[in-house]
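*Asks:* Following this message is one structure expressed as structure tokens.
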Amino acid sequence: MTEEKKTRKRLQANTALREIIAEFYADGHRAKAEGRPVGWIPPMNGLIELFYAMDVHPIFPENWAPLCAAMGTNAANFSFAERRGYSPDLCGYFRNNIGYALDGISEENQPLGGLPEPDFLISFGAGCVPTMKTFQVLCDRFDVPVLRADLPQVAMEDIREHHIEYGVTQMKRLIAFLEGLTGKKLDMDRLSQAVAYTDEACRIWDEIMETRRNVPAPFSAAEIGIMFVMVTRHGTRVAVDFLNDVLSEVRGKVERGEGVIPNERIRLFWDNIPLWYNMKLFNYFEKWDAVVVAETYTSAWTMRMDPEKPLESIAYKTLVSYPLVSCVSLNKRIELIRNAVRDYRIDGAVLHSNMSCKPISMGQMDIQRVLRDELDVPSVMFDGDHMDGGKFSMAQFQTRIDAFMEMLLARS
Amino acid sequence: MDFRGLLDEQTDIIDAEKRRTGAPVLGTLCSYVPVELLHSFGIVPVRIWGQADDMHHADGLLQSYICPPVRNLLAMGLEGRYDFLDGILHCYTCDATCGLYNVWVRNIEPRFSHMISLPYVDTDESRRYATAEFEVLIGKLESLTGDAFSTDSLAESISLYNAQRELMREVYELKAAGCPIEYADIYSMNVCSQVLPVGLVAAELREYLERTRKMTPGPDGRRILLSGSVVTDLPLLEFIESTGAAIVADDTCLGHRLLESRIPDGPPLESLVEYYLSRPPCASRADFPSRRRILEETLESHGIDAVIFVHQKFCDPHLSDHPFLKEALEARGVPSLQVELEGEGFTGQVRTRIEGFFEMLET
Ligand code: SF4
Ligand code: SF4
């Protein structure tokens, strides 16, 4: 690799991001120390806006898992889970999180000082089975109040009035539960404000993603970590401010015509969750002057919310978050990919067949067919796992990708 | 005729029924689909169930880490075994079947398809929500059949299903009381109730019970509870009982769980909702505490000596409940065995493990 080909991928914003991550977990520990309640909750839902509006600190085990993978404590957590009898075939998020909660939590040297123990748990029937089961285990593990509620899985295109109405009733149950716990009434204005922040964050997020339509693209999938604020800081200014900074930075790059790599030749689409323990993988494509410019995963965390209707908005967010990424709305997902291929001028697609995650991986062969037959976009699928490096073979990845990239180059 | 015989004739029976009534036949992917509603429209619900000629027919559409039952069902669809269906219906339970539903709809292209999603908690609001879910389905069935929904007709369908479940429950009771009924028969009865018209199965059940009630209870072997999702391997079930043990209770996809309660009297739609929400939960429903409680109660009520978990490889709901249930059993001193099926049916390895388990129980 020659010197001028060296990647310029890292965004400045990463420095701020590292602080935001540290601060999020430090906040949790502070809340704990000050006697403010900490609740562990499933990811991707409108509960977070409620939490922030009520000064309750949320912890997302599912966001903790990628951190463990990046820091390398995942393997230990997996073995705790296995020793407890959990099959190694189960989702890596599940195995990491319950392994951590059951045993890892008492180990020294956890990333960022570990997680503050929960003062209560929200166990939602919603999302995928492994997420539901994670909370089952947590409810058994921690002797704390639990709110059981749910929001069923409905394909996005099938959502009707009664789904939203039911969602609102569940949000009201949660509000009553949190009010009982904190002894404070929910201030509806604060909730509207939180919803407005999320809406704003989503709007900026869309703009950030859209800058990648430019050739050369200002950043690649290796920057997916900025999604942290979309998961943990929705409903707050932190997300809005940070994303605004990211937006100016990437816009600057676009204006200067500065791409992730100097001679961008091939633009790739990525399907499924990244390999959190190996984010460098996204740079592998550089040797062919190729960049990953769009992903299904990053599109799934953004939607518009209406501060005038805060309860409906958070119910809607909770309803659609999971169907958007998974096979619940396979048609929607395919539509999203169709649009991305057009808008981002995609030359080829890389599909990570993720052994951990059935809901996101099912339907990938259908996606490949649409890419081939309808869109004339070549694609390649490789076997991997978003959490467990033991289920990913770099050698196999290289063999598949090398052949694929040669083929794409020959086409272009 | 017996249950196994009826199963062999499924295709002819459904064909005849279709000719007789002219009504559509809808495939279902889960026992949470409200079959009573379909029946009230004259529709014949047929659970998509069984073994493909070659599971690999699904390889082009499903990754290798999807559970064998889902691979089997899709392979059967691709083999054309369900071409007689007018559509399919699903109720969200596990993620793999949700994927199956979507892949089926895209690739087999049924004329009609619909997925409902039931709530996980049983509250006033969730019942209202479930009623609305059923009403959406009703609207779609009205368009499909061109008939208007009738509460009276639903009430009739409910009483037919109630009666059938009552009879099936009696078979379980006789078995638990020591009657020499093979569990393989019970399994076939369960499948019949899912894949054949309700009236026909009830008639067979009446005859079967007539014969069985006269049998004298035999000596009591080891009393086994079978737990798992779908167990379609008759040889496996037969082998367990060939050791002298008796499977007197089950906690499986098609088993006793569906027979535990009746659809109560009252306004038919609301009663139907009540039945589906209050039924003992399967592993895919979020209510784990009830699942454990029901298991513990069954151990007591059926005097269970040992539990055999028959799991399918890559089955998230059951594999994640297993350590919990195992712990609950250990706390009560009830031994258990877990076998994981990989799609090859009853292999020598599975056999050896079961033999080993029974030997261990002897010592
Ligand atoms: S990775 Fe997939 S299976 Fe695992 S928790 Fe997330 S959605 Fe569920
Ligand atoms: S419950 Fe388990 S075995 Fe059954 S379809 Fe779902 S994943 Fe497969």
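*Asks:* Take the residues in the range B:313-357 that are closer than 19 Å to B:LEU236 by Cβ, touching a Phe, Trp or Tyr at 6+ places or on another chain (Cβ under 7 Å) and in a helix (DSSP H, G or I), then tell me which one is nearest to the other protein chains (Cβ to nearest Cβ).
*Replies:* B:HIS322
*Asks:* Hey, another quick one. Could you run through the range B:35-48 and say how many residues are part of a loop (DSSP other than H, G, I, E, B) and in contact with a helix residue (DSSP H, G or I) (Cβ under 6 Å, 6 or more places away or on another chain)?
*Replies:* 3
*Asks:* Pick from A:GLU223, A:GLU264, A:GLU258: which is of a type in the set (Asp, Glu) and assigned to a helix (DSSP H, G or I)? First the steps, then the outcome.
*Replies:* Details: A:GLU264 fails: assigned to a helix (DSSP H, G or I); A:GLU258 fails: assigned to a helix (DSSP H, G or I).
None of the others qualify; the one that does is A:GLU223.
*Asks:* Among the residues of the range A:365-385, count how many are away from chain B (no Cβ under 11 Å), assigned to a loop (DSSP other than H, G, I, E, B) and in contact with a helix residue (DSSP H, G or I) (Cβ under 9 Å, 6 or more places away or on another chain).
*Replies:* Selection size over the range A:365-385: 3.
*Asks:* Next question. Among the listed residues A:SER313, A:SER321, A:SER353, A:SER329, identify the single one that is touching a residue at least 40 places away in the same chain (Cβ under 8 Å), away from ligand 2 (no atom under 16 Å from the Cβ) and part of a strand (DSSP E or B).
*Replies:* Result: A:SER353 is the single residue among A:SER313, A:SER321, A:SER353, A:SER329 that is touching a residue at least 40 places away in the same chain (Cβ under 8 Å), away from ligand 2 (no atom under 16 Å from the Cβ) and part of a strand (DSSP E or B).
*Asks:* Still on this structure, I have one more. Is it the case that the range B:280-294 has a residue that's closer than 18 Å to B:LEU258 by Cβ, facing chain A (nearest Cβ under 9 Å) and of a type in the set (Ser, Thr, Tyr)?
*Replies:* Scanning the range B:280-294, I find at least one residue that is closer than 18 Å to B:LEU258 by Cβ, facing chain A (nearest Cβ under 9 Å) and of a type in the set (Ser, Thr, Tyr), so the answer is yes.
*Asks:* If I ask for residues that are in a loop (DSSP other than H, G, I, E, B), of a type in the set (D, E, K, R) and more than 8 Å from chain B (Cβ to nearest Cβ), which ones from the range A:153-186 would you list?
*Replies:* Residues of the range A:153-186 in a loop (DSSP other than H, G, I, E, B): A:153-155, A:159-160, A:183-186.
If we keep only those that are of a type in the set (D, E, K, R) as well, we get A:160, A:184-185.
Hits for the range A:153-186 are A:LYS184, A:LYS185.
*Asks:* Mind counting the residues in the range B:64-93 that are crowded, with 24+ Cβ neighbours inside 10 Å and touching a Pro at 6+ places or on another chain (Cβ under 6 Å)?
*Replies:* Count: 1.
*Asks:* In this structure, does B:PRO110 turn out to be near ligand 2 (Cβ under 9 Å from one of its atoms) and either of a type in the set (Asp, Glu) or touching a residue at least 60 places away in the same chain (Cβ under 8 Å) (or both)? Let's see the steps before the verdict.
*Replies:* Details: near ligand 2 (Cβ under 9 Å from one of its atoms): no; either of a type in the set (Asp, Glu) or touching a residue at least 60 places away in the same chain (Cβ under 8 Å) (or both): yes.
In short, no.
*Asks:* Contact list please: Cβ distance under 6 Å, first residue in the range B:133-148 and of a type in the set (Ser, Thr, Tyr), second residue at pLDDT 95 or above, pairs at least six apart or on different chains.
*Replies:* B:THR145/B:PHE41
*Asks:* For B:ARG353, indicate whether it is surrounded by fewer than 20 Cβ atoms within 10 Å (Cβ to Cβ) and over 20 Å from the mean Cα position of the chain (by Cα).
*Replies:* yes
*Asks:* List every residue pair whose Cβ atoms sit under 6 Å apart, with the two residues 6 or more apart in sequence or on different chains, where the first one lies in the range B:302-315 and is within 16 Å of ligand 1 (Cβ to nearest atom) and the second, anywhere, is modelled with pLDDT under 95 and not charged (D, E, K, R).
*Replies:* Pairs found: B:CYS315/B:SER229.
*Asks:* Which residue pairs have Cβ atoms closer than 6 Å, lie 6 or more positions apart in sequence or on different chains, and pair a first residue in the range B:202-230 that is within 14 Å of chain A (Cβ to nearest Cβ) and in contact (Cβ under 8 Å) with a residue 40 or more places away in the chain with a second residue that is part of a helix (DSSP H, G or I) and within 16 Å of ligand 2 (Cβ to nearest atom)?
*Replies:* Cβ pairs passing all conditions: B:SER229/B:HIS318.
*Asks:* Another question, then. Please work out which residue is nearest to ligand 1 (Cβ to nearest atom), limiting yourself to the range A:124-133 and to residues that are touching a Leu at 6+ places or on another chain (Cβ under 9 Å) and more than 7 Å from every other protein chain (Cβ to nearest Cβ). Full working, then the answer.
*Replies:* Step one: filter the range A:124-133 for residues touching a Leu at 6+ places or on another chain (Cβ under 9 Å), giving A:124-127, A:130, A:133.
Next, from what is left, pick out any that are more than 7 Å from every other protein chain (Cβ to nearest Cβ): A:124, A:126-127.
Working: A:PHE124: 13, A:ALA126: 11, A:GLY127: 7 Å.
Per the criteria, the residue is A:GLY127.
*Asks:* Given the condition within 16 Å of ligand 1 (Cβ to nearest atom) and either in contact with a Cys (Cβ under 6 Å, 6 or more places away or on another chain) or within 19 Å of B:ILE181 (Cα to Cα) (or both), answer yes or no: does some residue in the range B:282-292 qualify?
*Replies:* yes
*Asks:* Let me ask you something else. In this structure, is A:PHE60 more than 10 Å from chain B (Cβ to nearest Cβ) and among the aromatic types (Phe, Trp, Tyr)?
*Replies:* Yes; evaluated as a whole, the condition is true for this residue.
Here's the yes/no breakdown for (1) out of contact with any Phe, Trp or Tyr (no Cβ under 9 Å at 6 or more places or on another chain); (2) more than 20 Å from A:VAL293 (Cα to Cα):
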| position | (1), (2) |
| --- | --- |
| A:GLY348 | no, no |
| A:SER356 | no, yes |
| A:MET365 | yes, yes |
| A:LEU371 | no, no |
| A:ASP383 | no, yes |
| A:ALA395 | yes, yes |
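*Asks:* While we're on this one: I need the full set of residues from the range A:63-91 which are surrounded by 19 or more Cβ atoms within 10 Å (Cβ to Cβ), within 14 Å of chain B (Cβ to nearest Cβ) and part of a loop (DSSP other than H, G, I, E, B), in order please.
*Replies:* A:TYR86, A:SER87, A:LEU90, A:CYS91, listed by residue number.
*Asks:* Restricting to the range A:290-346, and then to whatever is touching a Phe, Trp or Tyr at 6+ places or on another chain (Cβ under 9 Å) and among the aromatic types (Phe, Trp, Tyr), can you tell me which residue is modelled with the highest pLDDT?
*Replies:* A:TYR344
*Asks:* Do the conditions hold for B:ILE43, that is, is it closer than 24 Å to B:GLU342 by Cα and either in contact (Cβ under 8 Å) with a residue 12 or more places away in the chain or surrounded by 20 or more Cβ atoms within 10 Å (Cβ to Cβ) (or both)?
*Replies:* no
*Asks:* Considering only the range B:305-315, I want to know if a residue exists there that is more than 15 Å from ligand 2 (Cβ to nearest atom) and more than 24 Å from A:GLU82 (Cα to Cα).
*Replies:* Applying the first criterion (more than 15 Å from ligand 2 (Cβ to nearest atom)) to the range B:305-315 yields B:305-308.
Now drop any that are not more than 24 Å from A:GLU82 (Cα to Cα), which leaves B:305.
Scanning the range B:305-315, I find at least one residue that is more than 15 Å from ligand 2 (Cβ to nearest atom) and more than 24 Å from A:GLU82 (Cα to Cα), so the answer is yes.
*Asks:* Filter the range A:134-152 down to residues that are within 8 Å of chain B (Cβ to nearest Cβ), touching an Asp or Glu at 6+ places or on another chain (Cβ under 9 Å) and either assigned to a helix (DSSP H, G or I) or within 28 Å of A:ASN331 (Cβ to Cβ) (or both), then give me how many there are.
*Replies:* Adding up the residues that qualify gives 2.
*Asks:* What are the pairs with Cβ atoms under 7 angstrom where one residue, in the range A:66-93, is within 14 Å of A:HIS386 (Cβ to Cβ) and in contact (Cβ under 8 Å) with a residue 12 or more places away in the chain and the other, located anywhere, is of a type in the set (Phe, Trp, Tyr) and in a loop (DSSP other than H, G, I, E, B)? Sequence gap at least six, or different chains.
*Replies:* A:PRO66/A:TRP276; A:ALA69/A:TRP276; A:ALA69/A:TYR277; A:ALA70/A:TRP276; A:ALA70/A:TYR277; A:ASN74/A:TYR277
*Asks:* Of the residues B:CYS67, B:CYS30, which single one is within 27 Å of B:HIS318 (Cβ to Cβ) and in contact with a His (Cβ under 8 Å, 6 or more places away or on another chain)?
*Replies:* Every option except B:CYS30 fails the conditions.
*Asks:* May I ask you to say which residue of B:LEU325, B:LEU254, B:LEU299, B:LEU269 is within 19 Å of the chain's Cα centre (by Cα), away from ligand 1 (no atom under 16 Å from the Cβ) and in contact (Cβ under 8 Å) with a residue 40 or more places away in the chain?
*Replies:* Result: B:LEU254 is the single residue among B:LEU325, B:LEU254, B:LEU299, B:LEU269 that is within 19 Å of the chain's Cα centre (by Cα), away from ligand 1 (no atom under 16 Å from the Cβ) and in contact (Cβ under 8 Å) with a residue 40 or more places away in the chain.
*Asks:* To continue, here is another question. Please specify each residue of the range A:87-118 satisfying the condition of being out of contact with any Phe, Trp or Tyr (no Cβ under 9 Å at 6 or more places or on another chain) and more than 10 Å from ligand 1 (Cβ to nearest atom).
*Replies:* Result: A:ILE105, A:SER106, A:GLU108, A:ASN109.
*Asks:* In this structure, is A:VAL154 of a type in the set (A, V, I, L, M, F, W, C), touching a helix residue (DSSP H, G or I) at 6+ places or on another chain (Cβ under 7 Å) and within 16 Å of ligand 2 (Cβ to nearest atom)?
*Replies:* On the way: of a type in the set (A, V, I, L, M, F, W, C): yes; touching a helix residue (DSSP H, G or I) at 6+ places or on another chain (Cβ under 7 Å): yes; within 16 Å of ligand 2 (Cβ to nearest atom): no.
It is false that A:VAL154 is of a type in the set (A, V, I, L, M, F, W, C), touching a helix residue (DSSP H, G or I) at 6+ places or on another chain (Cβ under 7 Å) and within 16 Å of ligand 2 (Cβ to nearest atom).
The values are calculated or read from the model by the stated rules, or taken from the named source; none is laboratory data. This structure is a prediction, so every number in the text was calculated from the model and none was measured. Here Cβ is always computed from backbone atoms with ideal geometry, including for glycine, and neighbour counts include all displayed protein chains.
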